[in-house]
1. Semi-axes of the stretch 33-72's equivalent ellipsoid from the Cα gyration tensor, sqrt of 5 times each eigenvalue, largest first, rounded to whole Å?
2. Going by alpha carbons, how many degrees (0 to 90, nearest 10) lie between the helix axis of 147-157 and the longest principal axis of the chain?
3. Over the chain, consider all pairs of different Cα atoms and compute the Kirkwood hydrodynamic radius from their mean reciprocal separation; express it in Å, one decimal.
4. Subtracting the Cα-Cα distance from 0.36 nm times the residue separation, let me have the gained length for residue 311 to residue 135 in nm, one decimal.
5. Please arrange 267, 90 by counting, for each residue, the other beta carbons lying within 10 Å of its beta carbon, fewest first.
6. Counting just the Cα atoms, what span does the stretch 249-317 cover along each of its three principal axes? Round to the nearest Å and put the largest first.
7. Restricting to DSSP H runs of at least four residues, report the calculated mean residue ellipticity at 222 nm for the chain, -39500 (n - 2.57) per run over all residues, nearest 500 deg cm²/dmol.
8. How high is the relative contact order of the chain, in percent, with contacts defined as C-alpha pairs under 8 Å that are six or more residues apart?
């Protein structure tokens, strides 16, 4: 069984900031826009080094999306930054009409996604953003798992032509992927071999999936773990190849079970290889205030919940 070492807990939003800073040094076309949340999005270093390539739009997120769309016409690669709730739900019309419809090369970078936003509560904890964004034609949707992968993803999307939704978070989580990794959009990462059950996880739930696999292994259950960092385009082959061996799957995400990764995988399986599936996700609900750990426990988004889902799905084979 392959093991992964936590190199120290770090927040994924800082991975975005580090990636954006590196892009500022290597890609002169990259520009950044923010809706009055520079510190929260970790844009400080980019701004310090490239003040002429930063635009503070203020608390006017819809306008930020329109400005970003316009900047692409001059060949710029705009990275917009605000909370996930304000990056999607608040500005969906502008994204659809000004960015997606005309396939503008805008990178919509969204921090503080999911329940782990924590104490700010339900109004800020968007749990439907993946569904909103993946349904837009031509929109790429990426949800990396740790600091290193978020940094690599941030740099990779600058090379991708077309609109991208990059989702990351606020809390410090395990940082366990390689420091200088190559990020390939649309290519799932096979983290661990297994024969009894597949665990396909995204974002903060990837580390929890690895922790669950350890527990399952101790109980005589061999779990295969796949990191689905790109939700759209989805790596259907990786999923089909895995369930062809394990005959069942658990999907894990910090998102509503309606419209998220789990539903995308269910569609693939229904078309190509019908397979028993269990969902670890929020159950059609809003969040509430609390620490990230408390909320992940209450809403069943941790290693223990993944273990139980795996035990349940194996019984259905």
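1. Working: eigenvalues 61, 33, 8 Å².
Value: 17, 13, 6 Å, ordered largest first.
2. The helix 147-157 is inclined about 60 degrees to the chain.
3. Numbers: mean 1/r = 0.0516 Å⁻¹.
Mean inverse Cα-Cα distance, inverted, gives 19.4 Å.
4. Values: separation 176, 0.36 × 176 = 63.36 nm, distance 3.17 nm.
Answer, rounded to one decimal: 60.2 nm.
5. Values: 267 12, 90 17.
Ascending number of Cβ neighbours within 10 Å: 267, 90.
6. 40, 24, 13
7. Working: 11 runs with 112 residues, N = 317.
Taking each H run of at least 4 residues, the total per residue is -10500 deg cm²/dmol.
8. On the way: 746 pairs, mean separation 59.0, N = 317.
Rounded, it is 19 percent for the chain.
Values quoted throughout were computed directly from the atomic coordinates according to the rules given, and no laboratory measurement underlies them. Not measured: the values here are computed from a predicted model. Cβ coordinates were reconstructed from backbone atoms using ideal geometry, including for glycine residues, and neighbour counts include every protein chain displayed.
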